[in-house]
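Data first, discussion second: the structure below is written as structure tokens.
The values are calculated or read from the model by the stated rules, or taken from the named source; none is laboratory data. From a predicted model like this one, the values you see are computed outputs, not experimental measurements. All Cβ positions, even for glycine, are placed from backbone atoms using ideal geometry, and neighbour counts span all protein chains on display.
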Amino acid sequence: MSETHTTIASSSEQPPPAEPAMGGMRIWDSFSSILMPIGAIAVALLISGLILLAAGYNPIEAFRVMWAGAFSDMRTFTEVLLKATPLILIGIGLAVAFRCSIWNIGAEGQFYVGAVFSTAAGIFLADLPAIVLIPLVLLVGTIGGALWAMLAGWLKVRFGASEIVTTIMLNYIAIIGTGYLVTGPIIEEVGKFPQTAKIAEAAYLPRFLPPTRLHIGFILAVVLAFLIYLLIFKTSAGYAIRAVGINAEAARYAGMNVNGNILLAMAISGGMAGLAGAVEVAGLTYRLYQQISPGYGFEGIAVALLANNHPLGIIFSGILFGALRSGSEVMQMNAKVPSVLVFAIQGLVILSVVAFGAYSLHASRRRG
């Protein structure tokens with residue numbers, strides 16, 4: 001297979017596809033990228049407030065409790081960052097796929113596969129020292145997620161199968177497969193709960209800001225967001241990924257390996273989701289559970305769209321969604337808001353973000 005990077009023939013008379021944003025359009029895109037998240041959250045909170053009011057609850061008090069549950073002190077804020085960590089990792093991976101116009105809806109399954117791979121490494125390679133075992137656990141999880149995503153990518157480039165359908169179906173396989181593993185082949189021997197034994201302590205991610213639970217996985221997520229930003233916007237490989245996303249046929253005519261870039265985008269996307277699963281195991285749960293993800297893979301889609309698929313913006317949108325998740329839990333306990341309404345509020349935020357993102361994408365394509 002030819003190079004995955006950009007390979008533009010010097011003798012080609014056709015220039016590579018250009019980015020659509022120029023001059024005034026760049027100003028408009030920057031302006032809309034700021035307004036879109038604010039508008040999406042405002043609309044979601046307004047509708048949520050009306051629902052709470054109709055159900056007999058004080059929306060102002062409920063939102064006050066939600067805010068306090070996320071930002072009242074250092075402990076609550078670190079819990080927000082803890083929940084934001086997998087969302088940032090998944091979001092930056094999805095941003096790569098989305099910029100290549102590959103709709104990877106399988107981050108949830110890739111998260112599970114990464115968690116399975118990393119748990120196996122943490123259990124069966126327990127004799128290794130921490131300086132070796134920690135990077136190995138994270139690397140194995142990343143590879144697991146990447147391979148799972150590349151399976152859908154291969155089906156697309158080889159048979160033309162829709163990545164939306166294949167990634168959704170692979171989600172079910174990964175989740176059900178994890179359930180089978182933790183209730184059978186690798187179930188914890190003591191207690192017989194649907195979970196594995198703990199990974200080796202040498203595989204635990206170090207914590208900082210004690211006595212909080214925040215671990216170095218958050219720093220890793222932020223660093224990777226910057227690296228993915230550099231990859232997408234400052235390298236030829238990133239340019240090729242974006243060019244394929246803008247116009248695959250023009251990119252092919254310019255000498256780019258379209259299929260190779262699709263596989264590369266899926267590998268990066270799935271690898272980040274798999275790494276999120278590995279970080280969750282090595283930094284928080286220390287074992288594999290049947291339902292280890294509360295929906296991080298699906299929520300990561302909204303995180304990426306809210307930031308307009310910009311890796312640096314995903315840091316902030318991930319923290320926002322971490323705050324919503326953490327604050328909603330406190331709102332349920334302290335404001336006595338039923339869990340069904342809490343889930344409805346979270347769903348409205350995601351729906352609003354996706355709707356605004358779809359509108360922004362449609363508008364940018366009409367301008368382009």
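Couple of notes before you dig in:
- Looking at SER101, SER72, just one residue is within 27 Å of HIS310 (Cβ to Cβ), surrounded by fewer than 23 Cβ atoms within 10 Å (Cβ to Cβ), modelled with pLDDT under 95 and among the small types (Gly, Ala, Ser), and that residue is SER101.
- Residue satisfying all of: in region 67-120; in contact with a Lys or Arg (Cβ under 7 Å, 6 or more places away or on another chain) and of a type in the set (Lys, Arg); nearest to GLY318 (Cα to Cα) among these: LYS83
- For region 262-281, the set of residues classified as out of contact with any Ser or Thr (no Cβ under 6 Å at 6 or more places or on another chain) and not β-branched (Val, Ile, Thr) consists of LEU263, ALA265, MET266, ALA267, SER269, GLY270, MET272, ALA273, ALA276, GLY277, GLU280, listed by residue number.
- Single unsatisfied condition, MET266 versus (1) touching a strand residue (DSSP E or B) at 6+ places or on another chain (Cβ under 8 Å); (2) under 15 Å from VAL96 (Cα atoms): (1)
- Out of ALA221, ALA225, sole residue that is within 18 Å of the chain's Cα centre (by Cα), surrounded by 14 or more Cβ atoms within 10 Å (Cβ to Cβ) and farther than 21 Å from ALA121 by Cβ: ALA225
- Scanning region 334-345 for residues that are assigned to a helix (DSSP H, G or I) and in contact (Cβ under 8 Å) with a residue 40 or more places away in the chain returns ASN334, LEU341, ALA344, ILE345.
- A single entry from SER269, SER236 fulfils the requirement of being of a type in the set (Gly, Ala, Ser) and buried (at least 24 other Cβ atoms within 10 Å of the Cβ): SER269.
- Residue in region 327-341 that is crowded, with 22+ Cβ neighbours inside 10 Å, hydroxyl-bearing (Ser, Thr, Tyr) and within 23 Å of LEU81 (Cβ to Cβ) present: yes
- With respect to the stated conditions, VAL279 is in contact with a strand residue (DSSP E or B) (Cβ under 9 Å, 6 or more places away or on another chain), buried (at least 21 other Cβ atoms within 10 Å of the Cβ) and assigned to a helix (DSSP H, G or I).
- On the stretch given as region 153-190, residues that are closer than 21 Å to ILE241 by Cα, of a type in the set (Gly, Ala, Ser) and touching a helix residue (DSSP H, G or I) at 6+ places or on another chain (Cβ under 9 Å) total 3.
- Answer residue from region 158-202, given it is among the acidic types (Asp, Glu) and modelled with pLDDT of 95 or more and is surrounded by the fewest Cβ atoms within 10 Å (Cβ to Cβ) among those: GLU201
- When region 285-319 is filtered for residues that are buried (at least 22 other Cβ atoms within 10 Å of the Cβ) and in contact with a strand residue (DSSP E or B) (Cβ under 7 Å, 6 or more places away or on another chain), only LEU288 remains.
- GLU249 being surrounded by fewer than 18 Cβ atoms within 10 Å (Cβ to Cβ) and not in a helix (DSSP H, G or I): no
- Failed item in (1) surrounded by fewer than 12 Cβ atoms within 10 Å (Cβ to Cβ); (2) of a type in the set (Val, Ile, Thr); (3) at pLDDT 80 or above, with VAL65 passing the rest: (1)
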